[in-house]
Amino acid sequence: MKIRKIIGMLLMVFGIFFGIFVGGWLLLIEPIISVCKAFDTGTLNATILGITLLKCVFASPVGALIFLLFSWIAMKVDGFC
């Protein structure tokens, strides 16, 4: 029974970090950096800007969805639900 709680807690922590990584880094910070690089090199166009805008809009919901998915799995493993 103790192992289930440890696995559940590890899944919860992994969900937090994975949600922050995907939502915060891959969908928010990295696209902004790529737009800045494209602006500096003079290759910025509407497509790059539009894709970056969409990534930034969906960054928070995707990160939250990843966290909620891992939380749900952790609760199933832990036997809470």
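The values are calculated or read from the model by the stated rules, or taken from the named source; none is laboratory data. Everything quoted here is computed from the prediction, not taken from an experiment. So basically every Cβ, Gly included, is an ideal-geometry build from the backbone, and we count neighbours across all protein chains shown.
Tell me, yes or no, whether the stretch 46-57 has at least one residue that is under 29 Å from Val77 (Cα atoms), modelled with pLDDT of 95 or more and either more than 12 Å from the chain's Cα centre (by Cα) or of a type outside the set (S, T, N, Q) (or both).
Taking every residue of the stretch 46-57 in turn, none turns out to be under 29 Å from Val77 (Cα atoms), modelled with pLDDT of 95 or more and either more than 12 Å from the chain's Cα centre (by Cα) or of a type outside the set (S, T, N, Q) (or both).
Yes or no, residue by residue, for (1) surrounded by 13 or more Cβ atoms within 10 Å (Cβ to Cβ); (2) more than 15 Å from the chain's Cα centre (by Cα); (3) part of a helix (DSSP H, G or I):
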| site | (1), (2), (3) |
| --- | --- |
| Ile3 | no, yes, yes |
| Ile6 | no, yes, yes |
| Met12 | yes, no, yes |
| Gly15 | yes, no, yes |
| Phe18 | yes, no, yes |
| Leu26 | yes, no, yes |
| Pro31 | yes, no, yes |
| Val35 | yes, yes, yes |
| Leu44 | yes, yes, no |
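Which residue out of Ala59, Ala64, Ala74 is surrounded by fewer than 13 Cβ atoms within 10 Å (Cβ to Cβ), assigned to a helix (DSSP H, G or I), in contact (Cβ under 8 Å) with a residue 12 or more places away in the chain and not aromatic (Phe, Trp, Tyr)?
On inspection, the qualifying residue turns out to be Ala64.
Has the stretch 60-81 got at least one residue that is polar (S, T, N, Q) and farther than 16 Å from Phe18 by Cβ?
So far as the stretch 60-81 goes, no, none of its residues is polar (S, T, N, Q) and farther than 16 Å from Phe18 by Cβ.
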